[in-house]
1. For segment 76-90, which residues satisfy the criterion of being surrounded by fewer than 20 Cβ atoms within 10 Å (Cβ to Cβ) and either in contact with a Lys or Arg (Cβ under 9 Å, 6 or more places away or on another chain) or not assigned by TED's automatic domain parsing to the domain that holds Gln154 (or both)?
2. Is it the case that segment 139-154 has a residue that's under 16 Å from the mean Cα position of the chain (by Cα) and modelled with pLDDT under 95?
3. Can you tell me which residues in segment 116-138 are modelled with pLDDT of 95 or more and surrounded by fewer than 19 Cβ atoms within 10 Å (Cβ to Cβ)?
4. How do the helices (runs of 4 or more DSSP H) wholly within segment 11-100 filter down when requiring 1 or more residues that are among the charged types (D, E, K, R) and touching a helix residue (DSSP H, G or I) at 6+ places or on another chain (Cβ under 6 Å): which remain?
5. Given (1) in a loop (DSSP other than H, G, I, E, B); (2) closer than 14 Å to Val233 by Cα, identify the lone condition not met by Phe142.
6. How about segment 200-244: which of its residues are more than 16 Å from the chain's Cα centre (by Cα) and closer than 16 Å to Pro79 by Cβ?
Amino acid sequence: MRCQPRYEGQVYICLKNVQTCLLCDEPAEAETPMCMACEAELPWLMGQCRTCALPLLEAGLTCADCLLEPPAFEQVAVPWLYGFPVDSLITRFKHNAKWPFGHLLADVLGQYLQYRFDEGLPRPDALLPVPLASKRLRQRGFNQAAMLARWLSQQLDLPCDEHVLRRIQDTSAQQDLDAKARKRNLRNAFALVPEADVHGRHLALIDDVLTTGATAQALARLLMSAGAARVDVYCLARTPKPGS
């Protein structure tokens, strides 16, 4: 007795999978679900600080803050200004669990980072997502930075280590605070896991948006104090300086 009927013809056929742009619903020419027209209209970050990627009028400059007080991290690599529609896509991914938008942004960020690597940006030894406060993790159900790090890890063939950094204090939401309050808010907020070994390693912090850089600075200082050789920051978008 046969469980399956005999069939001599072709059972499975290959179908051309036509991607549709997630922004305009038009056909997308590439593997990424975004058409070339929409990709060109994204708020690409052009002139920026060589260290913290703060938007500037010209490229190749260093902002006053980085000159006066160089941060603990070496360089920020970020493709976009935090503006429409990237801000809307990040919000829908982060606060409404619209994961396809996050995956789309991570794909393009991965292409941008690969271009930067080809142009001379040193490849890190591992990607470290910025840890989320436990209360916020329970409310949201996921850490958007960890998801970005996992997608980038697959795309760039880089290890993702989610068990190096931990957040030991449930601080107030950073977006509600000014720059000075953000620094105070993050004082002693992070720690390394006891078995973490970062000595001599080049590490890259992964986050969605860089605003004042207070979180990146706190984590980079922690890693450098533990013996890391270099810390970079990779994120989706950079906000301009308040009032600019």
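The values are calculated or read from the model by the stated rules, or taken from the named source; none is laboratory data. Remember, it's a predicted structure, so these values are computed and weren't measured experimentally. In this analysis, Cβ positions are derived from the backbone assuming ideal geometry, glycine residues included, and neighbour counts consider all displayed protein chains.
1. First, pick out the residues of segment 76-90 that are surrounded by fewer than 20 Cβ atoms within 10 Å (Cβ to Cβ): 77, 83-85, 87-88.
Ala77, the sole residue that qualifies.
2. Start the filter on segment 139-154 by keeping residues that are under 16 Å from the mean Cα position of the chain (by Cα), which leaves 142-154.
Filter once more, so that each one left must be modelled with pLDDT under 95: 142.
Among the residues of segment 139-154, at least one is under 16 Å from the mean Cα position of the chain (by Cα) and modelled with pLDDT under 95, which makes the answer yes.
3. Result: Arg116, Phe117, Asp118, Glu119, Gly120, Leu121, Pro122, Arg123, Asp125, Ala126.
4. Numbers: elements: 36-40, 64-68, 86-96.
Of the helices (runs of 4 or more DSSP H) lying wholly inside segment 11-100, those with at least 1 residues that are among the charged types (D, E, K, R) and touching a helix residue (DSSP H, G or I) at 6+ places or on another chain (Cβ under 6 Å) span 86-96.
5. (2)
6. Initial filter on segment 200-244 (more than 16 Å from the chain's Cα centre (by Cα)): 200-202, 218, 221-230, 240-244.
Passing the criteria: only Pro240.
Condition check ((1) touching a His at 6+ places or on another chain (Cβ under 9 Å); (2) crowded, with 18+ Cβ neighbours inside 10 Å; (3) under 23 Å from Arg50 (Cα atoms); (4) in the same structural domain as Pro194 (by TED's automatic domain parsing)) across all residues:
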| residue | (1), (2), (3), (4) |
| --- | --- |
| Arg92 | no, no, no, yes |
| Ala106 | no, yes, yes, yes |
| Gln114 | no, no, yes, yes |
| His163 | no, no, no, yes |
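Matching residues to (1) modelled with pLDDT of 95 or more; (2) of a type in the set (Val, Ile, Thr); (3) exposed (fewer than 14 other Cβ atoms within 10 Å of the Cβ):
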site	(1), (2), (3)
Pro159	yes, no, yes
Ile168	no, yes, yes
Gln174	no, no, no
Arg201	yes, no, no
Thr212	no, yes, no
Leu219	yes, no, no
Gly227	yes, no, yes
Asp232	yes, no, no
